[in-house]
Structure formats: C-alpha cells, structure tokens
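Here's the structure, in structure tokens; my notes come after.
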Amino acid sequence: MNNVQPFRPAGYVEDNPIGLPKDYVKKILPHLDAQIASLFVLFHQYQKHHWLVEGPQFMDLHKFLQGNYEQVHKHIDMLAERMTALGGIPTCNPVEQAKIAYFEHEPEGTYRIRHMLERDLEAEGILAKKFREAIRVAAEQDPGTEQLLKSILHDLEDRAHHLHHFLGEDSLELGLNIEAAAATNSTLPTSPNGSPATKTGEKVAN
C-alpha cells in the first residue's frame, strides 16, 4: 500500500459546485486549513486538561473542559466540510497539522490547573484573531463561509469569556488560602494580579 498514490494530491483544489471563483478559494482555503489544525491542537489540549484536572473545583472544571473539547471537535468537522465544499482537501495527518497550527501542543506532563487554563485562554485568544482575519477575507464574496466563521468565533469567544472567569481573582482555592492564612496570622496570599488578597469586606492597609 505504500506505493499507492492519491488521485488528488495534498493542496489540490478542484472546481466547486457553489459558483465561487478559484482565485478566491485559493485565498480562503489556507485560513480554513490552519484553523482546523489549530482546533485539533486545542481539542487534544482541552481533553488532556479534562483528564488531569484536580482540586476544589474539580467537577465544575471537569465538565466545563469536556464541553469545550466536544464543541471544538464539532467546529473542526464543520470547517472541514466547508473546505471540501469549496474544493479543498483538509490536512489530516497530525504531524502535518502541527506544522501549520497557530500554536504548539502543550508539552507532556501535568501542570497546575491555573497554568492549564491560562494556556487554554491564550490559544482561544490567538484563534479569535485569526478567525477575524479569515472573516474579512470571506466577506469579499463568500457569505456562506463568512457566516460559518462568525458562528464559530462567537462560540470560541464565549469559551474564552468563561476561562477568564475561572481565572478570576475570586476563586474557591484562593478563598481557602486566605482563610488559612488569617487563621495562622500569616501573610495573605496575593491575587493573580499581584495585589494582596483580602477576605470579604476587608481592606488591605497601605
């Protein structure tokens, strides 16, 4: 089987049945292909974090991360279907996908959950910018692809919004640390922005 060659090689663009000019299609396809590759990286990252999350907010995050990787996988399929409708061939080999993705796979090992979520948020932010670039290209003459990209962008912005809230200054783990520090009269932990954290209703003396 190693000697069998594909009848349509990678990068081949055939005429599409929906009346879009090939010069435009060749402009938009690399955007869609890189989005698919990047979403696959994010899919694996979310799934890894779903498996490895632990701590006081375990169940909330476990379910949240599962919902995210399931949604990301749905978006991958939608983009790949659109690529084929346009006459393109999505990059499918994971090794080749990694070469064109907007960000790299997280290295192996278990990281602190805060670091995991920060990495997820960073990836979502990169994707949001890239989707907006592709939307501007599609807006020229392809409302179908433009609408699809906008719907996916809305979902990834929503994921980013929820990640930002999980990373907020007021969290269960931070609250437990504050109570423990107060009980022992030790230094209060700092919040994520570097300022001293406080118990509810208290102010930190200057």
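Computed from the coordinates by the stated procedures, all read-outs in this text should not be read as laboratory data. None of these values were measured; they are calculated from a predicted model. Cβ placement follows ideal geometry from the backbone for every residue including glycine, while neighbour counts extend to all protein chains displayed.
Can you list the GluC sites (Glu not before Pro) in the stretch 82-125 that are in a DSSP coil and have 12 or fewer other beta carbons within 10 angstrom? Here the sparse-neighbourhood loop sites are Glu104, Glu108. Once you have a ≥ b ≥ c as the square roots of the Cα gyration tensor eigenvalues for the stretch 1-101, tell me rounded if a/c is under 1.5, and otherwise prolate or oblate according to whether a/b is larger than b/c. It comes out prolate by the Cα gyration axes. By other beta-carbon atoms within 10 Å, ranking Met59, Met78, Met116 with the fewest at the front produces Met59, Met78, Met116. The residue list Ser38, His115, Gln147 was ranked by how far each Cα lies along the charge dipole of the stretch 22-167 toward its positive end, using unit charges on Cβ atoms, and Gln147 comes out on top.
By the beta-carbon count within 10 Å of each Cβ, the least crowded to most crowded order of His62, His154, His75, fewest first, is His154, His62, His75. Under the convention that each Lys and Arg Cβ holds +1 and each Asp and Glu Cβ holds -1, the size of the dipole of the stretch 7-150 around its Cα centre is about 160 debye. Here are some pairs, Lys27/Lys48; Lys74/Lys99; Lys48/Lys74; Lys26/Lys48; Lys27/Lys63; Lys63/Lys99; which of them have Cα atoms lying more than 28 Å apart in this structure? Violating the 28 Å Cα-Cα cut-off are Lys27/Lys48; Lys26/Lys48; Lys27/Lys63; Lys63/Lys99. Roughly how many Å is it from the Cα centre of the stretch 5-49 to that of the stretch 75-113, as a whole number? A separation of 9 Å, based on Cα centres. Two numbers describe the Cα atoms of the stretch 22-167: Rg and Dmax, which are 15.5, 53 Å. Tell me which trypsin sites (Lys or Arg not before Pro) from the stretch 77-141 have a DSSP coil assignment and no more than 12 other beta carbons within 10 Å of their own. Passing both the DSSP loop test and the Cβ count: Arg112. Charge tally around Gln45: other residues with Cβ under 11 Å, Lys/Arg +1 each, Asp/Glu -1 each, net -3.
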